[in-house]
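Structure record follows, encoded as structure tokens.
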Amino acid sequence: MTEKILKWIRPEIRQLSAYQVPDASGLTKLDAMENPYTLEPLTGNWPEVLAAAQINRYPDPSATELRRKLVQVMQVPEAAATMLGNGSDELIQMLAMAVSGKDRCILSFEPGFVMYRMIAEFVGMKYVGVPLDDVFQIDMQAARAAIEKYQPAIIFIAYPNNPTGNLFDEADIEEIIKIAPGLVVLDEAYHPFAQNSFMPKLKQYEQLLVMRTVSKMGLAGLRLGMLAGNPALIREVDKVRLPYNINVLTQHVAISALEHIDLLDEQAAMIRSEREALLAKLSNIQGVEVFPSQANFILFRILEREADEVFELIRKQGVLIKNMKATEGSLKQCLRVTVGKPEENKRFLQALKKVLGH
Ligand SMILES: *Cc1c(COP(=O)(O)O)cnc(C)c1O
């Protein structure tokens, strides 16, 4: 390809590296915070559900029935409005498009969810990442100074945070909501595993938005996220949404799956209890520093070996986890494992111990 053509691609896009999704074929997949359990007990009626979906027609553009179901299941306050995205990633993108401008910035915390930074770059906005303190809590002095200096259009707060797994202090978040000049988005992707939520506070703060997704609770393949907040604000953000962003099959299957929220709740409870077991076992392994988690994954640091090498050797034993690939900073030598089924976690622990020579 000649430069003559490529020069038309925006320079900041050419500088980006694409979001990498590694090939997991044949491996125990503990890299992407997926729920390991299937919905077997309730998929029996899906042939009828799918047959009833009219795929020759465009979907309901505002997915009214699905939103009603989500409002009920996710306990969205009556006064709030909702909109849906093709995954919460798309909601982050719509929020950014709705506020973007040359002098506008998005602020979040580091280490944090990489899509905030990437999407800010996609839409040509500045991104400010405020470093967390050494226990991965918000450094309030740094946060206050950055908010004052950069006047962010949106502050994204992942609650619990990814990739660290912890919940930030509630009072700190509340102070940030109060001093923020613009929108504050609480990204509650891991809510089923932490169960803390700012959803009830939507009534109190007009600048607050709460974002949820069905991905981590067991429906990642559907691509469905929800944003809840003040109706006037949601109405504006909804203007940049492409009309039919939630397809017919997703709308039908999600409604059917959410009818059985009890099953998804049971699975989340199993994952929470497996997380505690895995945390305890990981903490007993010498040469590993484990960070507390309220999510469905655990961040840990390799102390006496190269993390890259440990990651590769674990993969060679058939288990795929996530390499944070940090050569410096607070994620230095860190790996992240998703909580799987008991036998998957066991396979991971055995692989790790073998690599470390225990
Ligand atoms: C996984 C994740 C998302 C993205 O969820 P999708 O709905 O699958 O797009 C958003 N925020 C955080 C913090 C995540 O970890």
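Filtered by the rule that a residue be within 30 Å of Leu335 (Cα to Cα), open to solvent by 60 Å² or more (accessible area, probe 1.4 Å) and part of a loop (DSSP other than H, G, I, E, B), the stretch 1-24 gives Ser17, Ala18, Tyr19, Gln20, Val21, Pro22, Asp23.
Restricting the stretch 75-132 to residues that are more than 16 Å from the ligand (Cβ to nearest atom) and touching a Lys or Arg at 6+ places or on another chain (Cβ under 6 Å), the residue that is most open to solvent (accessible area, probe 1.4 Å) is Ala79. If you go through the stretch 217-239 and keep only what is basic (Lys, Arg) and either away from the ligand (no atom under 13 Å from the Cβ) or open to solvent by less than 40 Å² (accessible area, probe 1.4 Å) (or both), you end up with Arg235, Lys239.
Being surrounded by 16 or more Cβ atoms within 10 Å (Cβ to Cβ) and more than 27 Å from Met270 (Cβ to Cβ) holds for only one residue in Val214, Val184, Val210, Val253, and it is Val184. Taken over the stretch 292-307, the residue count meeting the criterion of being crowded, with 18+ Cβ neighbours inside 10 Å, more than 18 Å from the chain's Cα centre (by Cα) and not in a strand (DSSP E or B) is 1. The set of residues in the stretch 25-40 that are away from the ligand (no atom under 16 Å from the Cβ) and either at pLDDT 95 or above or open to solvent by less than 50 Å² (accessible area, probe 1.4 Å) (or both) comprises Leu27, Thr28, Tyr37, Leu39. When the residues of the stretch 187-201 are filtered to those that are over 14 Å from the mean Cα position of the chain (by Cα) and open to solvent by less than 20 Å² (accessible area, probe 1.4 Å), the one that is farthest from the ligand (Cβ to nearest atom) is Met199.
So, Gln286, is that one open to solvent by 20 Å² or more (accessible area, probe 1.4 Å) and in a loop (DSSP other than H, G, I, E, B) or not? Yes: the conditions hold for Gln286.
A quick yes/no check of all residues on (1) among the β-branched types (Val, Ile, Thr); (2) closer than 22 Å to Ala98 by Cβ; (3) at pLDDT below 95:
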| site | (1), (2), (3) |
| --- | --- |
| Leu202 | no, yes, no |
| Val214 | yes, no, no |
| Leu222 | no, no, no |
| Leu227 | no, yes, no |
| Val240 | yes, yes, no |
| Leu258 | no, no, no |
| Leu264 | no, no, no |
| Leu279 | no, no, no |
| Ile285 | yes, no, no |
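Residues that are open to solvent by 70 Å² or more (accessible area, probe 1.4 Å) and more than 20 Å from Gln72 (Cβ to Cβ) were ranked within the stretch 256-282; the one that is farthest from the chain's Cα centre (by Cα) is Lys281. A count restricted to the stretch 57-74 and to residues that are more than 16 Å from the ligand (Cβ to nearest atom) and not hydroxyl-bearing (Ser, Thr, Tyr) stands at 9.
Applying the condition of being within 21 Å of Ala268 (Cα to Cα) and part of a loop (DSSP other than H, G, I, E, B) to the stretch 311-358 and asking which residue is most open to solvent (accessible area, probe 1.4 Å) yields Lys341.
Residue pairs whose Cβ atoms lie under 8 Å apart, separated by 6 or more positions or on different chains, with the first residue in the stretch 50-64 and farther than 20 Å from Arg235 by Cα and the second hydroxyl-bearing (Ser, Thr, Tyr) and open to solvent by 80 Å² or more (accessible area, probe 1.4 Å), are Tyr58/Tyr244. Please verify whether the stretch 48-56 includes one or more residues that are surrounded by fewer than 20 Cβ atoms within 10 Å (Cβ to Cβ), under 21 Å from the mean Cα position of the chain (by Cα) and more than 16 Å from the ligand (Cβ to nearest atom). No: the stretch 48-56 contains no residue that is surrounded by fewer than 20 Cβ atoms within 10 Å (Cβ to Cβ), under 21 Å from the mean Cα position of the chain (by Cα) and more than 16 Å from the ligand (Cβ to nearest atom).
If a residue has to be part of a helix (DSSP H, G or I), of a type in the set (Val, Ile, Thr) and closer than 24 Å to Leu183 by Cα to count, how many in the stretch 47-94 make the cut? Selection size over the stretch 47-94: 2.
The values are calculated or read from the model by the stated rules, or taken from the named source; none is laboratory data. Everything numeric in this text was worked out from a predicted model, so none of it was measured. Don't worry about glycine lacking a Cβ; one is built from the backbone with ideal geometry, like all the others, and counts go over all protein chains shown. Ligands, DNA and RNA are stripped out before the accessible areas are found, and what is left, the full protein with its side chains, is counted by its heavy atoms. Shrake-Rupley method; radii C 1.70, N 1.55, O 1.52, S 1.80 Å.
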